[in-house]
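Novice: Got a structure here, written out as structure tokens. Questions coming.
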Amino acid sequence: MMKTQDTVLIALFAALIVVLSLVPPIPLPAIPVPVTLQSLGVMLTGAMLGPVRGGLACLLYLLLAAIGLPVLPGGRGGLGVFFGPTGGFLLGMALGAVVTGWLARSWVRTPGQSVRTVLAYGLACIAGGIGAVYLIGVLWLASVTQMGLGKAMMAMLVFIPGDLVKVAVASWVAWRVERVWPILRESP
């Protein structure tokens, strides 16, 4: 059974993703997927809450978007967004948080060791926040836009440098916060 503090953390991190999503998206020429800060939210949520609470926080965020609240980049919301070119990236967010959280919990055994801990968080964020999200997102993008898998994969390369910056930020923040807020490591 979930504790009240778990429910509060799930809601808090869903709100964090909303706030990061409200930063105006940066459109790119010839690619129907803009640069956003959503993936930073996915990485932070997974790394700091673990797989269960992180996945639930992302699902709550997606539910808010699905019922029509304007919580997605550009103030969008509604079921229609899930069927467009970015729909796969949205669906991949929950998987990304679960993978990030699971790997972070598996690899970060002794919080506080700076370099090793930050590196472990970073690898977890790369695998979940980039790898898992892109896996579903690129497949969906290729299917919806009819651009072909190879072309969709090539189009996403432009996002990698920015996503690696997000990995560095999420890794550092997760390491710093866990040192002063150990409650994050108490539950799944």
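Novice: Could you tell me which numbered condition ARG176 fails, if it satisfies all but one of (1) basic (Lys, Arg); (2) at pLDDT below 95; (3) open to solvent by less than 70 Å² (accessible area, probe 1.4 Å)?
Specialist: (3)
Novice: Could I ask something else about it? Go through the stretch 37-77 residue by residue and tally those that are open to solvent by less than 10 Å² (accessible area, probe 1.4 Å) and either among the aliphatic types (A, V, I, L, M) or over 17 Å from ALA11 (Cα atoms) (or both).
Specialist: So the count comes out to 8.
Novice: Kindly check whether there is at least one residue in the stretch 150-160 that is surrounded by 15 or more Cβ atoms within 10 Å (Cβ to Cβ) and either more than 22 Å from PRO32 (Cβ to Cβ) or within 17 Å of the chain's Cα centre (by Cα) (or both).
Specialist: So far as the stretch 150-160 goes, yes, one or more of its residues are surrounded by 15 or more Cβ atoms within 10 Å (Cβ to Cβ) and either more than 22 Å from PRO32 (Cβ to Cβ) or within 17 Å of the chain's Cα centre (by Cα) (or both).
Novice: Taking GLY96 as the residue in question, decide whether it is free of Cβ contacts under 8 Å to residues at least 60 places away in the same chain and surrounded by 19 or more Cβ atoms within 10 Å (Cβ to Cβ).
Specialist: yes
Novice: Okay, moving on. Could you pull out the residue among GLY74, GLY46, GLY50 that is touching a helix residue (DSSP H, G or I) at 6+ places or on another chain (Cβ under 6 Å), part of a helix (DSSP H, G or I) and within 24 Å of ILE160 (Cβ to Cβ)?
Specialist: GLY46
Novice: Under 7 Å between Cβ atoms, at least 6 apart or on separate chains: pull out the pairs that start in the stretch 42-60 with a residue that is in contact (Cβ under 8 Å) with a residue 40 or more places away in the chain and end on any residue that is open to solvent by 20 Å² or more (accessible area, probe 1.4 Å) and not in a helix (DSSP H, G or I).
Specialist: Every condition considered, the pairs that remain are GLY50/PRO188; PRO51/PRO188; VAL52/PRO188; ARG53/PRO188.
Novice: For the stretch 121-142, what are the residues that are in contact (Cβ under 8 Å) with a residue 40 or more places away in the chain, more than 12 Å from GLY50 (Cβ to Cβ) and either of a type in the set (Gly, Ala, Ser) or open to solvent by 60 Å² or more (accessible area, probe 1.4 Å) (or both)?
Specialist: Residues satisfying the conditions are GLY122, ILE126, GLY129, ALA132, LEU135, GLY137, LEU139, TRP140.
Novice: If you check TRP181, TRP102, which single one turns out to be among the aromatic types (Phe, Trp, Tyr), open to solvent by 40 Å² or more (accessible area, probe 1.4 Å) and touching a residue at least 12 places away in the same chain (Cβ under 8 Å)?
Specialist: Going through TRP181, TRP102 in turn, the sole match is TRP102.
Novice: Does any residue in the stretch 1-12 that is more than 13 Å from LEU60 (Cβ to Cβ) come within less than 7 Å, Cβ to Cβ, of a residue that is among the β-branched types (Val, Ile, Thr) six or more places away or on a different chain, and which pairs are these?
Specialist: GLN5/ILE183
Novice: Restricting attention to the stretch 106-158, which residues are assigned to a helix (DSSP H, G or I) and basic (Lys, Arg)?
Specialist: ARG116, LYS151
Novice: Six or more apart or on different chains, Cβ atoms under 6 Å: show the pairs whose first residue is in the stretch 16-28 and surrounded by 12 or more Cβ atoms within 10 Å (Cβ to Cβ) and whose second is in a helix (DSSP H, G or I) and at pLDDT below 90.
Specialist: From the stretch 16-28, the pairs are PRO25/GLY74.
A quick yes/no check of all residues on (1) of a type in the set (S, T, N, Q); (2) closer than 30 Å to ARG176 by Cβ:
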{"position": "ALA65", "(1), (2)": "no, yes"}
{"position": "GLY74", "(1), (2)": "no, no"}
{"position": "GLY77", "(1), (2)": "no, no"}
{"position": "THR86", "(1), (2)": "yes, no"}
{"position": "GLY96", "(1), (2)": "no, yes"}
{"position": "THR100", "(1), (2)": "yes, yes"}
{"position": "LEU119", "(1), (2)": "no, yes"}
{"position": "GLY131", "(1), (2)": "no, yes"}
{"position": "TRP140", "(1), (2)": "no, no"}
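Novice: Still on this structure, please answer the following. Return a yes/no flag: does the stretch 73-82 have any residue that is among the aliphatic types (A, V, I, L, M) and under 16 Å from the mean Cα position of the chain (by Cα).
Specialist: no
The values are calculated or read from the model by the stated rules, or taken from the named source; none is laboratory data. Because the structure is predicted, anything quoted here is derived from the model rather than measured. Glycine also receives a Cβ, built like all others from the backbone with ideal geometry; neighbour counts cover every protein chain displayed. Note: areas computed on protein heavy atoms with side chains; ligands, DNA, RNA excluded. Shrake-Rupley method; radii C 1.70, N 1.55, O 1.52, S 1.80 Å.
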